[in-house]
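Input: one structure, supplied below.
The values are calculated or read from the model by the stated rules, or taken from the named source; none is laboratory data. Just so we're clear, the structure is a prediction, and the values are computed from it rather than from any experiment. Methodologically, a virtual Cβ is constructed for each residue, glycine included, from the backbone with ideal geometry; neighbour enumeration extends over all protein chains shown.
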Amino acid sequence: MLVIAVAVAIGSAFVSPRAEGYEVGDTAIDFSLKNIDGDIVSMSDYDDAKGFLVIFTCNTCPYAKMYEDRIIDLDEKYKDKGYPVIAINPNDPVRSPGDSWNEMKTRYADKSMTYPYLFDETQEITSAYGATKTPHVYLLNKEADKLVVKYIGAIDDNFKDASAVTKTYVEDAVDALIDNKAVQTTSTKAIGCTIKWKES
């Protein structure tokens, strides 16, 4: 817990230059970002997807690490139902060397991740979405030719212990979309480390 407290304190010492970002109901932009294998990935590549779980996360944040297995579980549960995970590392590797693209490749292999792990080198997508933490979830739903934001926030209500979770925010939201129902909880506070923005 001391490590988490120090990480949060260090991160909060820098002012975020981010844009206001999205609110629920907004239309999200697509992106073209480099995956750990060097390929460029966009949401437009997924012809059969009904939507996406876009999760801003990283290698080094203690919160992000505690959620890695749960993110893998989300991808395995929902990608065949039309809602795959796409993870994006938003951190500046100058400020956080452990979040470099090469370190991303190592982390990806170590955790046997099942989803694309993309690098937002310019931080333009992170800023456009309005992500502030790692992890920070954006649930998008395909509606006609748009990607509509349906949920923003945390994965669940207990970052410390997956077995003690009582509210599965992301799962509830995706299940509602699959059942053609309204998402009941559309936003929660993302809990995690502050994104490491480039210094101006």
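Looking only at region 71-86, decide whether some residue is assigned to a loop (DSSP other than H, G, I, E, B) and more than 22 Å from Ile152 (Cα to Cα). Full working, then the answer.
Going through region 71-86, the residues assigned to a loop (DSSP other than H, G, I, E, B) turn out to be 82-84.
From what is left, the residues that are more than 22 Å from Ile152 (Cα to Cα) are none.
For region 71-86, residues assigned to a loop (DSSP other than H, G, I, E, B) and more than 22 Å from Ile152 (Cα to Cα): absent.
Just one of the numbered conditions (1) in contact (Cβ under 8 Å) with a residue 40 or more places away in the chain; (2) over 18 Å from Ala190 (Cα atoms); (3) in contact with a Phe, Trp or Tyr (Cβ under 9 Å, 6 or more places away or on another chain) is not true of Val54; which one?
Here Val54 clears every test but (2).
Looking only at region 143-197, how many residues end up being in a loop (DSSP other than H, G, I, E, B) and within 21 Å of Tyr63 (Cα to Cα)?
20
For region 93-139, which positions are charged (D, E, K, R), touching a residue at least 24 places away in the same chain (Cβ under 8 Å) and either crowded, with 19+ Cβ neighbours inside 10 Å or within 30 Å of Asp48 (Cβ to Cβ) (or both)?
Asp99, Lys105, Arg107, Lys111, Asp120, Glu121, Lys133
Is it true that Ala173 is closer than 22 Å to Lys79 by Cα and of a type outside the set (D, E, K, R)?
For Ala173, the condition - closer than 22 Å to Lys79 by Cα and of a type outside the set (D, E, K, R) - is met.
Right, something else. What's the number of the condition Val137 fails, among (1) over 16 Å from the mean Cα position of the chain (by Cα); (2) part of a strand (DSSP E or B)?
(1)
Out of the residues in region 57-70 that are of a type in the set (A, V, I, L, M, F, W, C) and part of a helix (DSSP H, G or I), state the one that is surrounded by the fewest Cβ atoms within 10 Å (Cβ to Cβ).
Going through the qualifying residues, I end up with Met66.
Just checking, which of Val41, Val24, Val54 is crowded, with 21+ Cβ neighbours inside 10 Å, among the aliphatic types (A, V, I, L, M) and either within 17 Å of the chain's Cα centre (by Cα) or at pLDDT 95 or above (or both)? Steps first, answer last, please.
Numbers: Val41 fails: crowded, with 21+ Cβ neighbours inside 10 Å; Val24 fails: crowded, with 21+ Cβ neighbours inside 10 Å.
Exactly one residue qualifies, and that residue is Val54.
Would you tally the residues in region 74-88 being within 14 Å of the chain's Cα centre (by Cα) and free of Cβ contacts under 8 Å to residues at least 40 places away in the same chain?
3
Count, please, the residues in region 143-168 that happen to be modelled with pLDDT of 95 or more, more than 15 Å from Leu74 (Cα to Cα) and aliphatic (A, V, I, L, M).
The total comes to 5.
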